[in-house]
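A.B. asks: Just passing along the structure, written as structure tokens.
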Amino acid sequence: MRRVIFVWFMLSLTLLVAGFAIATERSGGPAAVRAMAKGYGRSLILLTARQAAWAYEERGAAGLDAFIQAARPTAQTEAILIDEAGSSLASLPAPPPLLAFARSLKTLEDPEIDLQGRRMRFAVRIRTASGKAYTAAFQSPVGQFLWGLLDGPTWLLRTGFLLIIGAALCSWLALRITTPLADLGQLTRRFASGDLRARSTKGLARKLPEIEDLARDFDHMAERIESLVQSQQHLLHYVSHELRTPLTRLQLAISLAQQREGATPETMQATLTRIATEGDRLNDLLDQILRYSQLEASGGQPLRRQPIDWNDFLDSIAADAAFEAEAQAKQVLLSRMDGGRYQGDRDLLRSAFENVIRNAIRHSPPGGAIEIEQRRQYETIEIAIHDSGPGIATEELPRIFEPFFRAASSKGASTGYGLGLAIAKRVASLHKGEVLAENRSPGGLTIRFRFPAQP
């Protein structure tokens, strides 16, 4: 690839030089040609004019005629030298247009360039050491003059030098582009072979802005894929662990039912109740696992957003939660301000809030209260859910949103599977929000949802 890019760079450079040469040779009089002639040909024009004046002062009209004849590259080139009175000093005939052009020049040492169709005229007024002023004028085809500037060993040396510099520049550009791409290609091959921790280095990112963007996109993709793969691995591990207990109980209940051929109807009913309970637990666990997996896989999919009135939405959730809490001699209290309207996925948000509220009901003692508090702070809508339970250890707070994590204080007493808070966190993230946990004084746990406020 590096060789191909180098060849294309060199080919482009060669075509550019060749095109410029052809364009200048065939040009009918663009301003660029005039600027080039005046810029690069000024020294040549002055030198030629001084040589013509010297030939005249040393050998008269004959010397000037000989100089003009020798200086003509082809028969198409014409030259004259006039004195301060405007008289031609050579014995050769002077073309009237060129003579008029020379007589119009008044400024010393400032060549004048004029394009007439495909012919170029240039003149310069000089003063020699003798104190006399002369005006030299020349006329030749455009291409003849420009190629004359580039003729000879000097042009060959300059061309060779430019080609060497161009080749070095093309090689440097090819290396600058292909080296980080080759490194990035090696990273992708490492990643494809199973090294999910392969990331681009800072040295690779500093090569070119475009390469830096590509490297950053690669890192983002790699982190996302690594996260998904790890999530799947953890999910498989936790699912196998969580399924083991209800399946063992289910198998035990079935085995006991098979062994109790003469069991009483009450015993058989208790066994069937146990089987149904474990089946319900399996169904609930699988439902939560499926919901969490769908949320993890929906990172790039749009939400089903619809207008939500925070007041009505929280009233409905609090009413359903109060119905569940009353059966356990607990109460749900709602305190809210006017939260306005919000564009969000109603089903996902309800699921997130209900998971947290059910956890709060489960961990609150009989007679305890679950408080739902909603308020607006600047550009943020905050919904806080407080329970009156024992809270959790401070060192466990950062982990309670991990899938299948259960705090030490809730093990044995909880019927949950550690997915409710993980689901809540994912829902908040999909809505560009966040969810936090903190212990409250004197006791209990607070879960805070924060969403960006919308006009």
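A.B. asks: Over the alpha-carbon set of segment 306-452, work out the extent along each principal axis and list the three values in angstrom, largest first.
C.D. replies: On the principal axes, segment 306-452 reaches 41, 30, 26 Å in Cα extent.
A.B. asks: Compare the peptides 271-283, 184-196 by average per-residue count of other Cβ atoms within 10 angstrom and give them in order, highest first.
C.D. replies: Listed from highest to lowest mean packing, they are 271-283, 184-196.
A.B. asks: At 0.36 nm per residue, minus the direct Cα-Cα distance, what do residue 331 and residue 248 gain on full extension? Give it in nm, one decimal, please.
C.D. replies: Values: separation 83, 0.36 × 83 = 29.88 nm, distance 3.59 nm.
Extending this stretch completely gives an extra 26.3 nm.
A.B. asks: Hey, another quick one. Among 366, 398, 384, which residue has its Cα positioned farthest towards the positive end of the charge dipole of segment 306-452, with +1 placed on the Cβ of Lys and Arg, -1 on the Cβ of Asp and Glu, and the dipole taken about the Cα centre?
C.D. replies: About the Cα centre, the residue reaching furthest to the positive side is 398.
A.B. asks: So, R0 is 30 Å and r is the distance between the beta-carbons of residue 59 and residue 103; what FRET efficiency does that work out to, to 0.05?
C.D. replies: E(calc), rounded to 0.05, equals 0.80.
A.B. asks: Would you mind checking segment 318-348 for residues with the amide N under 17 Å from a putative spin-label position 7 Å along Cα→C-beta of residue 375?
C.D. replies: 333-340
A.B. asks: Relative to the Cα centre, what is the charge dipole magnitude of segment 306-452, using +1 at the beta carbon of each Lys and Arg, -1 at the beta carbon of each Asp and Glu, and rounding to the nearest 20 debye?
C.D. replies: Working: 18 positive and 20 negative charges, 67 e Å.
Dipole magnitude for segment 306-452 comes out near 320 debye.
The numbers here are math on the coordinates, done by the rules we state, and not lab data. Quantities reported herein were computed from a predicted structural model and do not represent experimental measurements. Note: ideal-geometry Cβ built from the backbone for every residue, glycine included; neighbour counts use all protein chains shown.
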